[in-house]
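A.B. asks: Okay, here's the structure, questions in a sec.
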Amino acid sequence: MAKRVLLIDESTLFRNYLKEKLESHGVEVLVGVNGLDGWVKMRNELPDLVVMDYYLSRKGCIEILKEKKTNRNIEHIPVIMLAPKIDRGHVLELAGMNVKKIFSKPVKMEGLLETISLLIGQSIEMDKSPCVVEAHFNEDILFIEIARGLNAEKVELLGYKIVELLELYDVVVPKVLLMMSSVELPEDHIFKLKRLLDVIFQYAQPNPRLIKILTANDRIKSYVQGSTDYQDISVFSSLEDAMDELVGLKADSIAHDEVAQKKLLTSSKPKKEMDESIQLRYDAGERIKDDEEREPRGVFASEATVAIVDDDFIIQELVKTVFSETNWNLKVYGDGKDFLLDEPNQNFDLVFLDLMMPKVNGFQVLEYLKTKKLDVPVIVFSALSKKETIVKAVGFGIKSYLIKPMKPEQLLKKATEVLSTSF
């Protein structure tokens, strides 16, 4: 008899991905679209496992767990909790309610799937090829960065990430830069490259003239240039050359092509709430008993520590005003030097960073973070030209950038893109 997993989460995007993945391995998936719907299905359907978001409408997760604990028919059912930033007291409370594991958001999918497999006693196969995939949006360019290798799971997740970004920024015709500068691609992984390009065509941009690839890998170059489907995609070995051609393209003028427009308007895409996002790094989740557990990041989290590193008082005040209604701990630094002196004493969830400062500039700060291998999301502010900013800052692995002068809605969207994540 197939194992049954009840998924209670209000993120349509997350539900769709996890449901499809589990069902492909013979697991029956029940869906609760809110707390009340999930509670009714838990009592009536008696699943083998419950995967539940911490924040639910109509019936809160704590209320559900308390009532579950008093119901002899369902009290034994194990629970996996998906949580944004929650305090230690709530973690201990959850541990006493048969919550076997808490995964912080963004959820690291490999760890979640492995835990589900363990708790229901059913194998769920996953591609374990080493791979890092990142995607972010600036102006009208979608940047996709691939490192190490290609992983079939992450390639599929990329489609969801692309949909989310294009909906968040309300972009119909993006330009795409696929950066694969340090990718190992064995001959037997070529099918993954084909799937990657198909995902980009399906979810981002069906016109190959609006897609550029940056890579030094001869196998990737040869495959793209020799393919009838992809041969119109330009391949570059220099980031500056790729940006020269990409920035000069007029996406709207090219998009009049009827075939491209038809694909853009009718292609089947997963839907999402506006506050959804995807984290593409695979890793294990946090255990409840782990005292060193790092609390998850999230723009809608009850707490977050955010650095504003800019010598412009007006910019400092703008950022503080935009996020004044949050409970974030905003720390202001008038120069990169002040930030670097204080950084070891902090645990930043996000850094807003100006590039041009008198003592220690933004590029020196980025170099420090890279050297120290500090994985802190950075949103760059710059008055430099778009091309200069992109070429230099992308090399440091920044999450995103904004060109001065900035608008409040731009700050909100960038913070949402970087921090408001479901998986």
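The values are calculated or read from the model by the stated rules, or taken from the named source; none is laboratory data. In this text, all values refer to a predicted model and were calculated from it rather than measured experimentally. Cβ atoms come from the backbone with ideal geometry, glycine included; neighbour counts cover every protein chain shown. Just the protein is used for accessible areas: all its heavy atoms, side chains included, with ligands, DNA and RNA removed. Shrake-Rupley method; radii C 1.70, N 1.55, O 1.52, S 1.80 Å.
A.B. asks: For the cross-link pairs 194/373; 161/407; 105/413; 21/41; 21/212, which exceed 27 Å when the distance is taken from alpha carbon to alpha carbon?
C.D. replies: Distance filter (> 27 Å) returns 194/373; 21/212.
A.B. asks: Here's a follow-up. If R₀ is 22 angstrom, what is the calculated FRET efficiency for the pair residue 129 and residue 375, using the beta carbon separation as r and rounding to 0.05?
C.D. replies: According to the calculation, E is roughly 0.55.
A.B. asks: Here is a follow-up. Give the accessible surface of the range 69-194 per residue, rounded to a whole number of Å², with probe radius 1.4 Å and ligands, DNA and RNA excluded.
C.D. replies: 38
A.B. asks: Between residue 72 and residue 55, with labels modelled 7 Å along Cα→Cβ, what's the label distance in nm to one decimal, could you check?
C.D. replies: Simple spin-label model gives 3.8 nm for this pair.
A.B. asks: Then there's this: Sort the following peptides by mean Cβ neighbour count (other Cβ atoms within 10 Å, averaged over residues), highest first: 112-120, 151-159, 41-49, 68-76.
C.D. replies: The peptides rank, most packed first, as 151-159, 112-120, 41-49, 68-76.
A.B. asks: Note down, for the range 1-132, the three equivalent ellipsoid semi-axes (square root of 5 times each alpha carbon gyration tensor eigenvalue), biggest first, whole angstrom.
C.D. replies: Ellipsoid half-lengths, sorted descending, are 22, 17, 14 Å.
A.B. asks: Out of residues 5 or more away from residue 33 or on other chains, whose amide H comes under 5 Å of its own, with H placed 1.01 Å from N in the peptide plane?
C.D. replies: Sorted by chain and number, the residues that satisfy this are 38.
A.B. asks: Could you tell me the accessible area of residue 66 in Å² (1.4 Å probe, neighbours in place), rounded to the nearest ten?
C.D. replies: Accessible area, nearest 10 Å²: 110 Å².
A.B. asks: So between residue 40 and residue 364, what do we pick up on full extension, going 0.36 nm a residue minus the alpha carbon distance?
C.D. replies: Stretched out fully, the residue 40 to residue 364 stretch lengthens by 111.1 nm.
A.B. asks: Now, a different point. How much length is gained on full extension from residue 147 to residue 62, taking 0.36 nm per residue of separation minus their Cα-Cα distance?
C.D. replies: 26.6 nm
A.B. asks: Here is a further query. Got a sec to turn the phi values of the range 159-171 into Karplus ³J(HN,Hα) couplings, 6.51 cos²θ - 1.76 cosθ + 1.60 with θ = phi - 60°, whole Hz, x for Gly and Pro?
C.D. replies: x, 5, 5, 4, 4, 4, 5, 5, 6, 4, 9, 6, 10
A.B. asks: Another one. Output ³J(HN,Hα) for the range 310-324: one whole-Hz value per residue in order, computed from phi by the Karplus curve 6.51 cos²θ - 1.76 cosθ + 1.60 with θ = phi - 60°, and x for Gly and Pro.
C.D. replies: Running phi through 6.51 cos²θ - 1.76 cosθ + 1.60 with θ = phi - 60° gives 6, 8, 8, 4, 5, 5, 4, 5, 4, 5, 4, 5, 4, 9, 5 Hz.
A.B. asks: Moving to a separate point now. Please work out the C-alpha center-to-center distance from the range 399-414 to the range 31-59 and express it in whole Å.
C.D. replies: The two parts, judged by their Cα centres, are 37 Å apart.
A.B. asks: Could you run the Karplus curve 6.51 cos²θ - 1.76 cosθ + 1.60 with θ = phi - 60° over the range 59-66 and give me ³J(HN,Hα) per residue in whole Hz, x for Gly and Pro?
C.D. replies: 7, x, 5, 5, 4, 4, 5, 5
A.B. asks: How much length is gained if the chain between residue 194 and residue 241 is pulled fully straight, taking 0.36 nm per residue apart and subtracting their Cα-Cα distance, in nm to one decimal?
C.D. replies: 14.5 nm
A.B. asks: Another question, then. What is the distance in Å between the Cα centres of the range 207-242 and the range 1-23?
C.D. replies: Answer, in whole Å: 36.
A.B. asks: Taking H placed 1.01 Å from N in the peptide plane, check which residues at least 5 places from residue 181 or on another chain put their amide H under 5 Å from its amide H.
C.D. replies: For residue 181, whose amide H was placed from the backbone, the distant partners under 5 Å are 146.
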